[in-house]
Amino acid sequence: MLLHGGLCVGHLTELVGPSSAGKTQICLKVASGVATRYMGGVVFIDTGNSFSPLRIAHFINQIPDTIFKEVKQNILEKVMSQILCHSVFDIFAMLDVVHQLEYSLRSQVQTGADQVRLLIVDSISSLITPILGGSGSHGRALMISAGFLLKKLAHEHNLAVVVTNHMVGGEGGILKPALGESWKSIPHVRLLLSRDPGSSICHMSILKHSYMASGRAARFMI
């Protein structure tokens with residue numbers, strides 16, 4: 001409802017928020033939704049052992065009880081076969097996966113194989129932050145190159161790309177998205193997430209959008 005239909009294919013969407021705000025839960029929910037509703041392939045780049053097949057199964061089990069248990073099990077097996085998870089722990093390993101995906105997507109176009117519809121990186125900041133230290137510009141250049149590669153994949157292969165980013169302390173102790181001003185201009189869409197302490201109520205607001213006004217907000221449960 002907030003985004004008037006959901007994630008945009010061809011766009012890089014960033015989920016920003018503090019720890020436990022619900023970023024990973026949304027990534028898992030989106031992955032299961034794409035695999036279930038559209039039978040599209042999902043590539044999930046997991047940088048912190050956050051991918052949870054149990055949560056995917058939980059989302060599938062929320063399908064109305066009018067569907068027989070055996071049918072739900074078949075759906076779950078199909079969904080899990082559509083989601084490919086890569087565990088990566090540095091930016092170079094992520095770039096390897098993305099380049100392999102780019103090659104695979106080109107092959108899919110030629111062979112007519114099932115199309116990957118969604119790429120998730122949870123989280124991009126945990127891979128980039130370690131290379132930004134020091135006074136040199138190499139880390140920043142690598143960050144920008146990675147961002148533009150993700151945008152290129154989204155645009156050329158008509159898939160949605162979702163990345164997550166954490167928060168850091170800014171001026172006056174006010175939290176702000178990590179990765180700085182250079183990264184700020186890269187995502188097409190930036191969504192800020194927060195969560196009521198001790199509850200399942202989350203808040204999402206638009207920080208940046210290609211064609212929607214910023215400041216729009218919504219509440220939801222995870």
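Please give the strands (runs of 3 or more DSSP E) falling wholly within the range 139-222 in which 2 or more residues are open to solvent by 70 Å² or more (accessible area, probe 1.4 Å).
Numbers: elements: 160-165, 167-169, 175-177, 189-195, 201-208, 217-221.
So the answer is 175-177, 217-221.
From the list V71, V98, V42, pick out the single residue that is out of contact with any helix residue (DSSP H, G or I) (no Cβ under 7 Å at 6 or more places or on another chain) and among the β-branched types (V, I, T). Before you say what the answer is, go through the steps one by one.
Working: V98 fails: out of contact with any helix residue (DSSP H, G or I) (no Cβ under 7 Å at 6 or more places or on another chain); V42 fails: out of contact with any helix residue (DSSP H, G or I) (no Cβ under 7 Å at 6 or more places or on another chain).
Matching residue, one of V71, V98, V42: V71.
Could you list all residues from the range 125-138 that are surrounded by 14 or more Cβ atoms within 10 Å (Cβ to Cβ) and either in contact with a Leu (Cβ under 8 Å, 6 or more places away or on another chain) or part of a loop (DSSP other than H, G, I, E, B) (or both)? Reasoning before the result, please.
Going residue by residue through the range 125-138, those that are surrounded by 14 or more Cβ atoms within 10 Å (Cβ to Cβ) are 125-129, 131-132.
Across the range 125-138, the qualifying residues are S125, I128, T129, I131, L132.
The values are calculated or read from the model by the stated rules, or taken from the named source; none is laboratory data. In this text, all values refer to a predicted model and were calculated from it rather than measured experimentally. No Cβ is skipped: glycine too gets one built from the backbone with ideal geometry, and neighbour counts run over all protein chains shown. Only protein heavy atoms, including side chains, enter the accessible area calculation; ligands, DNA and RNA are left aside. Shrake-Rupley method; radii C 1.70, N 1.55, O 1.52, S 1.80 Å.
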